[in-house]
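Q: Here's a structure for you.
The values are calculated or read from the model by the stated rules, or taken from the named source; none is laboratory data. Source: prediction; values computed, not measured. Virtual Cβ from ideal backbone geometry, glycine too; neighbours counted across all protein chains shown.
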């Protein structure tokens, strides 16, 4: 609307003299006319007649301008009144003296009977000093054309704004401001929301609800004195401003709690069923669905969430999926009041990205016609976390199973390989049984390696970390890798010249690289190229990849790239699971990639796979860069081959709950000249040590046993025998013992399965 509609020109300002003055001019013109008639003919008569005519014409012109200006002003005020009528903010039009000329619906509801009063009078209940505030804003507006001020009251923050509409008209707007630091949504001043407990107690009200109701309510019956509302129906809400009609929608929040959303309805008339104007701008996605499952209406938030595919008449089944049964059945149960679950998690059929929504159905009735309002909530992040949790639980369960199986197998293999070593001591190469015993020993070692892979996946492998340079590690491994790939495959290495050191177990890391290279070789039956690339990677922010978050920092990246057949998308997420293989029976155990996965994770790194069918696969390893001083030198491993026996003397208390393992260890130590006392549990060992005259030089004990475990009984025994040394043995990883071993002096760890020579050499080093 142009400002000229409300701004008067010079003639307009003259016309504002009023009707009384115009009447005076008309009377003056009449008197001049009478004088002209009575005057003698001549110049005087002509002058009086001309003056009367001029005054009369001027009066007519001024009267016409006055009526036109009044009509224009009335039209302008009518347009402005229509413009501000539906404004959510309180809007008022005043003259220069502050007298209220017009108010919109919101202002009339708030200040009933305020028309004709002054603005300062109606704002007296809102502000402590409304006159000063109005004068300050009006003075600024007269200069700048508009002004506004944010005022903090006892209850809330308010904003009062004024716009100059003409020489004597001002438009005032009063609106409630959201508290600083709040956001739109459940906790902001957007859609009013109540969190209600089982008993109807109101546990929480967001800013929107407090602003709507005007106070902090404690129970639902206080807000709805006419009766508790039914989800999906309109109810009478009691507020400080009076009774308000609201559409009530409930969403189950778990633990017996429910979120109650209040959607204020238009107060002048009921919104027709076919109209969606009352909900169009609400921040909560809403969809009105017919009993047949077709979209009847939807608001802007629903369009933004579901996508451009949502439209009137579209079936809901074409927009989302995952219910497991026809959506129309769910709608029918909701309309009939038989729905067991009001809320379901569904997947949106969006072509651009994967999204999940929580859909809550509520029955509504308008003009006797039943329909369903669906309240949508973006649940993509929740479903992603759920998938991560399920995957983590699955991998943890498999890891626990693998670790338990490996522990039992290690006990069996210790007995098999140990007794085989005892037999080999009594046979030489000329005996007919020697070859059979060697085969038994070799196959036991192969079985031990397989068990080690299980332990690696379950992250229970004993690691010996040290500072490593991947360039040196790959250089030492190149000869072996070339032998593994064969003649048809070319192995290419590419290194970052500024590669930094990492902390890892060299032996285990070499196992990872060999597994990946062998896997790449098997994917290229006709030959090709395998590239191993290393580079330093810096992440300035956390990286989301395959439901895993890689923290920011510096990493050494190792890629193993092949030109093989690739992996199909449906199998890509299963490649790290134990015993999953795409190879034919007998060509693989399905433990190669799972072993690599376990070792990398136990090292503190990350492993990812990218593959395209027909083009190849890329495995990426990320290891954190080692910062600070170099690691201490790794402890040398005890060789597994049989060496010259080390004889010694001393008394050894052997505590082992597995009888075959205890029998082998006892015989092996006695063959080396030691005196061995046996016990099948910790309690029996402590009973033996009650003899104060018994001299014991060394404890050889299992870590995990029924009743008291190894570290527990050893700490108790060392109270009276602090000089005794200890050898812990276990089929689990050493990390199960690290915390306890740190508090036990003069102790070492020997992992199962161990050979005769490994056992005797470890005992010899502890005693000497």
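Q: Is there a residue being at pLDDT below 85, part of a loop (DSSP other than H, G, I, E, B) and out of contact with any helix residue (DSSP H, G or I) (no Cβ under 9 Å at 6 or more places or on another chain) anywhere in region 305-318?
A: yes
Q: Something else now. Just checking, which of 212, 262 is modelled with pLDDT of 80 or more, under 20 Å from residue 175 (Cβ atoms) and not in a strand (DSSP E or B)?
A: Numbers: 262 fails: not in a strand (DSSP E or B).
None of the others qualify; the one that does is 212.
Q: Let me ask something else. So residue 395 clears everything in (1) under 30 Å from residue 530 (Cα atoms); (2) at pLDDT 75 or above; (3) in a helix (DSSP H, G or I) except one condition, right? Which one?
A: (2)
Q: Among the residues of region 599-620, which ones are assigned to a helix (DSSP H, G or I) and either touching a helix residue (DSSP H, G or I) at 6+ places or on another chain (Cβ under 8 Å) or free of Cβ contacts under 8 Å to residues at least 40 places away in the same chain (or both)?
A: So in region 599-620, the residues assigned to a helix (DSSP H, G or I) come out as 599-603.
Within region 599-620, 599, 600, 602, 603 meet the criteria.
Q: In addition: Assess whether residue 469 counts as being touching a strand residue (DSSP E or B) at 6+ places or on another chain (Cβ under 9 Å) and modelled with pLDDT of 80 or more. Outline the logic, then answer.
A: On the way: touching a strand residue (DSSP E or B) at 6+ places or on another chain (Cβ under 9 Å): yes; modelled with pLDDT of 80 or more: yes.
For residue 469, the condition - touching a strand residue (DSSP E or B) at 6+ places or on another chain (Cβ under 9 Å) and modelled with pLDDT of 80 or more - is met.
Q: Report the residue count in region 327-340 for those that are without any contact (Cβ under 8 Å) to a residue 24 or more places away in the chain and in contact with a helix residue (DSSP H, G or I) (Cβ under 9 Å, 6 or more places away or on another chain).
A: Restricting attention to region 327-340, the residues satisfying the condition of being without any contact (Cβ under 8 Å) to a residue 24 or more places away in the chain are 329, 333, 336, 338-340.
From the residues that got through so far, the ones that are in contact with a helix residue (DSSP H, G or I) (Cβ under 9 Å, 6 or more places away or on another chain) too are 338-340.
Of the residues in that region, 3 qualify.
Q: Now a separate question. Checking residue 496 against (1) in a helix (DSSP H, G or I); (2) modelled with pLDDT of 85 or more, which single condition isn't satisfied?
A: (1)
Q: For region 83-100, how many residues meet the condition of being in a loop (DSSP other than H, G, I, E, B) and either under 43 Å from the mean Cα position of the chain (by Cα) or modelled with pLDDT under 80 (or both)?
A: Step one: filter region 83-100 for residues in a loop (DSSP other than H, G, I, E, B), giving 86-89, 96-98.
From the residues that got through so far, the ones that are either under 43 Å from the mean Cα position of the chain (by Cα) or modelled with pLDDT under 80 (or both) too are 86-89.
Total meeting the criteria: 4.
Q: Do you know which residues across region 500-528 are loosely packed, with under 15 Cβ neighbours inside 10 Å and in contact with a strand residue (DSSP E or B) (Cβ under 6 Å, 6 or more places away or on another chain)?
A: Narrowing region 500-528 to residues loosely packed, with under 15 Cβ neighbours inside 10 Å: 507, 525-527.
Within region 500-528, just 527 meets the criteria.
Q: I'd like the residue in region 352-379 that is at pLDDT 80 or above and under 13 Å from residue 307 (Cβ atoms) and, out of all such residues, is surrounded by the most Cβ atoms within 10 Å (Cβ to Cβ).
A: Top of the filtered list is 357.
Q: Please work out which one of (1) under 26 Å from residue 315 (Cβ atoms); (2) at pLDDT 80 or above; (3) part of a loop (DSSP other than H, G, I, E, B); (4) touching a strand residue (DSSP E or B) at 6+ places or on another chain (Cβ under 6 Å) is the condition residue 217 fails and give its number.
A: Result: residue 217 passes all but (1).
Q: Quickly run through region 220-243 and pick out the residues that are loosely packed, with under 14 Cβ neighbours inside 10 Å and part of a helix (DSSP H, G or I).
A: Of everything in region 220-243, those that are loosely packed, with under 14 Cβ neighbours inside 10 Å and part of a helix (DSSP H, G or I) turn out to be 221, 222.
Q: Still on this structure, I have one more. Looking at 734, 716, 693, 723, which is the one that is surrounded by 14 or more Cβ atoms within 10 Å (Cβ to Cβ) and modelled with pLDDT of 85 or more?
A: Working: 734 fails: modelled with pLDDT of 85 or more; 693 fails: surrounded by 14 or more Cβ atoms within 10 Å (Cβ to Cβ); 723 fails: surrounded by 14 or more Cβ atoms within 10 Å (Cβ to Cβ).
Unique residue meeting the criteria: 716.
Q: Among the numbered criteria (1) modelled with pLDDT of 85 or more; (2) loosely packed, with under 14 Cβ neighbours inside 10 Å, which single criterion is violated by residue 557?
A: For residue 557, the failing item is (2).
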